[in-house]
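Participant: Below is one structure. I have some questions about it.
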Amino acid sequence: MERGTSRTVAEKLDAADPLAGFRDRFVITDPELIYLDGNSLGRLPAATPDHLREVVEGGWGGGLVRSWQNWIDWGSRLGARLADHVLGARAGEVVVCDSTSINLYKLAAAALDAAPRRSTVLIDAEDFPTNRYILQGLAAQRGLRLHQLTSDLDDGLQGEQLRSALDQDVALVVLSLVSYRSGALLDMAAVNELARAVGARVLWDLSHAAGAVPVELAATGAELAVGCTYKYLNGGPGSPAYLYVRRELQAQLRQPVWGWFGQREQFQMGAEYDPVPSIERFLVSTPPLLSLAAIDPALALVEEAGVERIRAKGLLLGRLVTDLADDWLGPLGFRSASPHLPERRGSHVSLYHPDAWRICQALATEAKVVCDYRVPDRLRIGPSPLYTRFTEVWDAMDRLREVATRRNYVSRPADLTRVT
Ligand SMILES: *Cc1c(COP(=O)(O)O)cnc(C)c1O
């Protein structure tokens with residue numbers, strides 16, 4: 001990629017972008033607004049409203065309860081597509097259901113139950129809060145030792161730290177493939193190998209990775225994973241999550257919530273819980289059908305574009321962010337808060353600034369750039385390759401430079417809003 005800070009560099013990248021056409025497949029109501037928060041909530045695919053109207057009016061309104069004949073295994077069908085196109089898993093290893101937090105709880109509990117003689121759980125002290133809280137709860141309930149690894153806030157967890165914490169007492173390691181704050185991308189194969197050597201299981205959270213970076217669950221020997229569908233997969237606010245359990249492990253693991261959707265011959269309404277041997281044994285209950293339905297057209301776009309091409313563009317978008325940040329923003333009090341090499345990051349880049357929160361608010365209200373803030377002092381810039389143009393990134397960085405130079409963000413409230 002040509003190095004330089006002129007806007008022509010970005011224009012050339014747009015002109016050569018094989019995914020440029022995908023932008024029109026999303027609803028963009030305000031072309032002036034630059035949206036760099038697709039890592040938090042992906043944009044609305046243009047096909048989704050009509051699809052949902054059909055499900056609501058035709059499926060619910062017309063079909064009524066009869067539609068469940070077709071709806072009942074929609075989570076499994078979506079899981080099969082995710083396995084094939086996004087997660088590098090085999091058939092029958094992924095299902096869409098519940099939320100990421102709930103799935104994390106279910107799989108962590110199942111893995112802990114299967115390792116009764118081990119009493120340590122490893123997590124990253126900088127991991128996404130829900131992951132830490134859920135494991136804190138499980139450890140407290142079971143009297144296990146929770147070892148929180150101190151990872152580098154900007155560079156992520158280092159292999160050496162994990163290696164030195166792994167021993168025969170570790171039952172479970174919970175890690176995010178891409179860090180929500182720094183964007184640091186771990187080496188899935190290497191981590192799986194380290195854990196396997198001491199007989200520990202790894203439960204991966206793929207929330208910031210799926211649909212942004214290639215994931216190879218089967219090839220890297222991954223055993224357990226969860227993740228959400230509303231970030232780079234554009235499934236919509238609160239769309240159901242997915243879970244993955246390696247085929248060879250499924251029948252051995254039993255999740256803690258014994259619901260009727262995991263039951264053999266579900267509609268026999270049998271007396272005793274007797275779960276199916278397949279991935280559906282990790283299901284609990286009736287899916288939130290309308291939210292589930294919204295994943296369908298969104299996933300079709302990712303399938304059509306292909307994760308390899310999405311990643312290739314994501315690397316270039318990330319490079320553009322860091323090149324411009326290096327050239328423009330250092331003197332204004334910013335520094336990079338992400339791994340330096342694009343290959344070691346997911347699709348977002350974090351920048352440190354002591355006034356990151358107020359700058360984030362000023363960017364949104366004065367400069368029409370939506371990115372987000374993460375405690376303590378990080379601005380997260382999350383271009384989503386399916387719909388973000390290179391020139392948008394250039395313009396956003398230019399507006400950021402201007403906001404930081406003018407310094408009128410200092411008049412903004414320092415108190416955080418309910419949601420950041
Ligand atoms: C976004 C995200 C979640 C989301 O959890 P919910 O249960 O959907 O609220 C979980 N883990 C990570 C790492 C995330 O980035």
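Participant: From the backbone phi of segment 279-285, what are the Karplus-calculated ³J(HN,Hα) couplings (6.51 cos²θ - 1.76 cosθ + 1.60, θ = phi - 60°) in whole Hz, Gly and Pro given as x?
Facilitator: Once θ is set to phi - 60°, the couplings for segment 279-285 become 4, 5, 5, 8, 7, 10, 8 Hz.
Participant: Mind listing the phi-derived Karplus ³J(HN,Hα) values for segment 256-269, rounded to whole Hz, using 6.51, -1.76 and 1.60 with θ = phi - 60°, and x for any glycine or proline?
Facilitator: Using θ = phi - 60°, the values come out as x, 9, 8, x, 6, 6, x, 7, 4, 6, 3, 8, 7, 6 Hz.
Participant: For segment 72-303, what proportion of DSSP beta bridges, expressed in % and rounded to the nearest 5, is antiparallel?
Facilitator: Working: 11 of 28 bridges.
Roughly 40 percent of the DSSP beta bridges within segment 72-303 come out antiparallel.
Participant: Take the chain, connect every pair of alpha-carbon atoms lying under 10 Å apart with a spring to form a Gaussian network, then pick out the residue of Ala108, Ala212, Ala364 with the largest mean-square fluctuation.
Facilitator: Most flexible of the set in this elastic network: Ala364.
Participant: Considering only C-alpha atoms, what is the centroid distance from segment 255-281 to segment 148-164, in Å?
Facilitator: Each part's Cα centre sits 39 Å from the other's.
Participant: Let me ask something else about it. Over segment 72-303, what is the mean sequence separation of C-alpha contacts under 8 Å (at least six apart), divided by residue count, expressed as relative contact order in percent? Each step should come with its number before you reach the end.
Facilitator: On the way: 458 pairs, mean separation 53.7, N = 232.
Relative CO of segment 72-303 lands at 23 percent.
Participant: Between segment 188-221 and segment 15-92, what is the separation of their alpha carbon centroids in Å?
Facilitator: 26
Participant: What is the sum of charges around Leu249, taking Lys and Arg as +1, Asp and Glu as -1, for the other residues whose C-beta is under 14 Å from the C-beta of Leu249? Could the numbers behind the result be given before it?
Facilitator: Values: positive: Arg90, Lys106, Arg196, Arg201, Arg246, Arg247, Arg254, Arg281; negative: Glu93, Asp113, Glu223, Glu248.
That sum, taken over residues with Cβ under 14 Å, equals +4.
Participant: Which value, in Å² and to the nearest 10, is the accessible area of Ser336 when all protein chains are kept and the probe is 1.4 Å?
Facilitator: My reading of the accessible area for Ser336 is about 50 Å².
Participant: Local charge sum around Leu292 (other residues, Cβ-Cβ under 12 Å, Lys/Arg +1, Asp/Glu -1)?
Facilitator: Values: positive: Arg77; negative: Asp73, Asp98, Asp296.
Net charge around Leu292: -2.
Participant: Which residues' amide hydrogens lie under 5 Å from the amide hydrogen of Ser151, considering only partners 5 or more residues apart or on another chain, with H built in the peptide plane?
Facilitator: Those qualifying (amide H under 5 Å, at least 5 residues apart or on another chain) are Ala125, Glu126.
Participant: In nm, to one decimal, how far is the Ala219 label point from the Ala197 one, both placed 7 Å along Cα→Cβ?
Facilitator: Label-label distance for Ala219 and Ala197, simple model: 2.3 nm.
Participant: Pull up all non-local amide H partners of Val95: gap of 5 or more, or a different chain, and H-to-H distance under 5 Å with H placed in the peptide plane.
Facilitator: Counting only residues 5 or more places away or on other chains, the set is Leu243.
Participant: About its Cα centre, what dipole magnitude does segment 148-208 give when the only charges are +1 on Lys and Arg Cβ and -1 on Asp and Glu Cβ, stated in debye to the nearest 20?
Facilitator: Numbers: 4 positive and 9 negative charges, 42 e Å.
Dipole about the Cα centre, nearest 20: 200 debye.
Participant: For Ser384, list long-range residues whose amide hydrogen, built 1.01 Å from N in the peptide plane, is under 5 Å from its own amide hydrogen.
Facilitator: Gly38
Participant: Starting at the first residue of segment 172-184, write each ³J(HN,Hα) from the Karplus equation 6.51 cos²θ - 1.76 cosθ + 1.60 with θ = phi - 60°, in whole Hz, x for Gly and Pro.
Facilitator: Running phi through 6.51 cos²θ - 1.76 cosθ + 1.60 with θ = phi - 60° gives 8, 10, 10, 9, 8, 5, 10, 5, 5, 9, 8, x, 4 Hz.
Participant: Antiparallel DSSP bridges in the chain: what percent, to the nearest 5?
Facilitator: On the way: 22 of 42 bridges.
Of those bridges, close to 50 percent are antiparallel.
Participant: Quick one: longest stretch of the chain between exposed loop trypsin sites (Lys or Arg not before Pro), exposed meaning at most 11 other C-beta atoms within 10 Å and loop per DSSP? Intermediate values should be presented prior to the final figure.
Facilitator: Values: sites that count: Arg3, Arg117, Arg418.
Longest stretch, sites excluded: 118-417.
Participant: Could I ask something else about it? Report the relative contact order of the chain, percent, no decimals, based on alpha-carbon pairs under 8 angstrom and at least 6 residues apart. The partial results should precede the final answer.
Facilitator: On the way: 812 pairs, mean separation 93.0, N = 420.
RCO, the chain: 22 percent.
The values are calculated or read from the model by the stated rules, or taken from the named source; none is laboratory data. Note that the coordinates shown come from a computational prediction; the quantities given were computed from them, not determined experimentally. All Cβ positions, glycine included, derive from the backbone under ideal geometry; neighbour counts span all protein chains shown. Keep in mind that these areas ignore ligands, DNA and RNA; they rest on the heavy atoms of the full protein, side chains included. Shrake-Rupley method; radii C 1.70, N 1.55, O 1.52, S 1.80 Å.
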